[in-house]
Amino acid sequence: MAVHGTASMKVLISLLGTQILPVPSLFLTGLTNMPGFERTQVDFSTLLMGSFELAEKTDQKLVVLIGYLGNAEQVAEIREALEKYQHLIEAVVVDPVSGDHGRTYVPSSVISAWPKLLEIADFALPNFTELGLYAGLQAVQTSPEAFLEAFHQRFPKAKVITTSYPAEAGVGVAMWEEGKPRLFSHRQVPASYAGSGDVFAAHFVHYHLLKHLPLAEAVTQAATQTLHIIEEAYQQKLPQLRFRLLD
């Protein structure tokens, strides 16, 4: 949960509102790309199990979206909860938050732990940096298609959808489908906004898992809405994204 700025759980709550049952893994006074941010640990296991218990008592079905990890030990706690309450879970979506723009910003122990969640995910939402990080290829193998295929081969259960994907038009969102990439591409806005991946994730959950649009249509809608929000912030010279869910 980023206290300052527009990212992480703040985005999900802003876009999905009361449909969110929030379980923060960590509180950050800023964002991981801001100098001087501080971490505040939370009692994650108690919050996580308590949230599942509440869902069970109120007969709720859940889509579990896993994002920023406070530490590597949380992976075992998450897997334990998913196994215990699997009867409540309709889908597991894993956004392996690790880095962006070719660099990482989480500890190596967290990077080593992410595959244990990716291997049980129904959907994986890495950005292109994270796609390469978890594809398992050598650094010299930099073809975007090779990264996408290798990620799929390593985590075959998950439908992989990656953002910040290189495209002739500039950049895009790609998913691995029927043995090849399916690409939604658009011009690249000459700016970078924290939280744009979270905006895409929230829209994807909304369109595919809550409104039940077909996967390709949901991905296109999520990408279109995210692009609109980024372009609006850029055109208005806003310091951060401003958004609301559009139907």
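The values are calculated or read from the model by the stated rules, or taken from the named source; none is laboratory data. Because the structure is predicted, anything quoted here is derived from the model rather than measured. FYI the Cβ positions are ideal-geometry reconstructions off the backbone, even for glycines, and counts take in every protein chain you see. Just so you know, the surface numbers come from the protein's heavy atoms only, side chains and all, with ligands and any DNA or RNA stripped out. Shrake-Rupley method; radii C 1.70, N 1.55, O 1.52, S 1.80 Å.
Below are the figures for this structure:
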{"read-out": "For segment 1-150, convex hull volume per residue from C-alpha positions, Å³", "value": "118"}
{"read-out": "Of all DSSP beta bridges in the chain, antiparallel share, percent nearest 5", "value": "60"}
{"read-out": "Rounded to the nearest 20 debye, dipole of segment 150-227 from Cβ charges on Lys, Arg, Asp, Glu", "value": "160"}
{"read-out": "Taking the chain and dividing mean pair separation by its residue count, relative contact order in percent (alpha carbons under 8 Å, at least six apart)", "value": "15"}
{"read-out": "Theoretical gain in end-to-end length, Ser185 to Lys211 [0.36 nm per residue, Cα-Cα removed]", "value": "7.0 nm"}
{"read-out": "Of Pro144, Ala169, Leu238, farthest towards positive along the dipole that unit charges on Lys, Arg, Asp, Glu beta carbons give the chain", "value": "Leu238"}
{"read-out": "Solvent-accessible surface (1.4 angstrom probe) belonging to Met9, in square angstrom, nearest 10", "value": "40"}
{"read-out": "Heavy-atom accessible area order for Tyr134, Tyr193, largest first, 1.4 Å probe", "value": "Tyr193, Tyr134"}
{"read-out": "Sulfur and carbon atoms: percent of accessible area, the chain [1.4 Å]", "value": "51"}
{"read-out": "Whether segment 134-247 is rounded, prolate or oblate, judged on the alpha carbon gyration tensor where a/c under 1.5 counts as rounded", "value": "oblate"}
{"read-out": "Additional length obtainable on full extension of the chain from Thr40 to Ile13, 0.36 nm per residue less Cα span", "value": "7.7 nm"}
{"read-out": "Surface accessible to a 1.4 Å probe, Lys159 within the full protein complex, Å²", "value": "110"}
{"read-out": "Long-range amide H partners of Val63 with built H, under 5 Å", "value": "Glu90"}
{"read-out": "Nearest-0.05 FRET efficiency for Thr29 and Ala76, computed from C-beta distance (R0 25 Å)", "value": "0.40"}
{"read-out": "Mean separation of Cα contacts under 8 Å, 6 or more apart, over the residue count of segment 170-246: relative contact order %", "value": "27"}
{"read-out": "Rounded to the nearest 20 debye, dipole of segment 21-144 from Cβ charges on Lys, Arg, Asp, Glu", "value": "260"}
{"read-out": "Karplus-derived HN-Hα couplings along segment 122-136 (A = 6.51, B = -1.76, C = 1.60, θ = phi - 60°), whole Hz, x at Gly and Pro", "value": "7, 9, 10, 10, x, 7, 5, 4, 5, 4, x, 5, 10, 6, x"}
{"read-out": "Centre separation in Å (Cα based) which lies between segment 112-135 and segment 49-80", "value": "18"}
{"read-out": "Probe 1.4 Å, accessible area per residue of the chain, Å²", "value": "50"}
{"read-out": "Helical contribution to [θ] at 222 nm, DSSP H n ≥ 4, -39,500 (n - 2.57), averaged over the chain, rounded to 500", "value": "-11000 deg cm²/dmol"}
{"read-out": "Cα-centre dipole for the chain with unit charges at Cβ (Lys and Arg positive, Asp and Glu negative), debye to 20", "value": "360"}
